[in-house]
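S.K.: Okay, here's the structure, questions in a sec.
Derivation of every value follows stated rules applied to the coordinates shown; laboratory data play no part. Model, not experiment: these values are computed from the prediction. Cβ atoms come from the backbone with ideal geometry, glycine included; neighbour counts cover every protein chain shown.
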Amino acid sequence: MASISKLANPSFTASGASHSSPTLRSDPKLSVNFHSGSPIRRGISHPRLSVRRDRVERIPLIVRCSKQDGNGAPNKRTTLHDLYEQQGQSPWYDNLCRPITDLLPLIASGIRGVTSNPTIFQKAISSSSAYDEQFRQLISEGKDIESAYWELVIKDIQDACKLFEPIYDQTDGGDGYVSVEVSPGLANDTNGTVEAAKWLHGSVDRPNVYIKIPATAECIPSIKQVISLGISVNVTLIFSLQRYEAVIDAYLDGLESSGLSDLSRLTSVASFFVSRVDTLVDKMLEKIGTPEALDLRGKAAVAQAVLAYKLYQKKFSGPRWEALAKKGAKKQRLLWASTSVKNPAYPDTLYVDPLIGPDTVSTMPDQALQAVIDHGVVSRTIDSNVSEAEGIYSALEKLGIDWSEVGSQLEVEGVESFKKSFDSLLVTLKEKGDSLKFVSL
């Protein structure tokens, strides 16, 4: 079994150049763009790591929504099927845009759920004409810009929920979810978040929708209250073990205060962000500059995630959990988010391969998804070397890395990033709305 050091000790190329992206095996029925090229074997060298990997030198492959009305489905199994069937990890897709039927080949390839966020919708709506007709109709009906935005989003979520409903039914509510986030402007508003979650849940009106709520200090009470109302939640923007434990407690508190005798249809995932942790911690380590510090680059995120899984196993065991389980309660699964590699010098499956284990979800954007399908290794790695993860975590602390401060900074940056995307999209929609009104004069 691979250890943390082997899976989470990326080396830097001398030039810092990006590894080229892998290519999915050609299938005429799969909606992807690919370019031909000759395979080149590359090695990754490091004093503590020697791994050879097949790479393909070509233009990056992008899995993206097509302009056609749907696609045929691939007729073969992929690594994604193996992740779920062999290791109990659910692969989800971190993207959503029209036409929603473009999700069909991905579902056939093994994708079992979808996550979205304000940035994803900002890119989808602002860069596509697929939303124009509905938007034009909404404006003609007198809808204001933000109301029109939510109408566009809700339709996408409803349509995606319909596609994943068979998986939801087959797993008795264990999988097949589509996540939609409350307005990022409510990240510091406890009561506003609760009301928005209730409204969004009622508006989508699908059993397999997850309402995303950020794990800010102000929204921890919101999570408890929304869960107690019987609404399934995807808790997002978790960057530290301390905040993750508070999220688990909020879920358990919500289950206990729900008053429901049957808890089996109430579920939750906790979205623990990965790559962004390395992005920040690596900068801190480079500033320290010692050989010991530099050797720990690219290890913080996976080490902390491994310890999050250890915490998950601890919290979802014992008398308190067993009492809830007797009422049908399901564990709040850990979801690995931000799984695309931000540093091109790192292996492109760095935030997927070392975090494989039962009762987890890995949500992947295009970059990570294509890499996993092409050359991902399916093996239980999440708890293969917990002691080494603990050692890395402690070593970083000894170097002066304050994990609480790292989590706080990333949380602020995450909230601000989503707010910026949300505000930018509203500006774009306003401009489009104004132009439509001008044309109609």
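S.K.: So which of K123/K315; K283/K310; K155/K327; K162/K198 end up more than 30 Å apart by C-alpha?
M.R.: The pairs that break the limit, which is 30 Å between Cα atoms, are K123/K315; K155/K327.
S.K.: Still on this structure: Count neighbours as other Cβ atoms within 10 Å of each site's Cβ, and list the GluC sites (Glu not before Pro) in segment 95-168 that are DSSP loop with at most 13 such neighbours.
M.R.: E141
S.K.: Around S408, under 11 Å between beta carbons, what's the net of Lys plus Arg minus Asp minus Glu among the other residues?
M.R.: Taking every Cβ under 11 Å from that of S408, the sum is -3.
S.K.: How many angstrom separate the Cα center of segment 321-346 from the Cα center of segment 94-120?
M.R.: A separation of 19 Å, based on Cα centres.
S.K.: Please report the spacing between the Cα centers of segment 140-199 and segment 234-284 in Å, no decimals.
M.R.: 19
S.K.: Starting from the amide H of D189, placed 1.01 Å from N in the peptide plane, find each other amide H under 5 Å away whose residue is 5 or more places distant or on another chain.
M.R.: none
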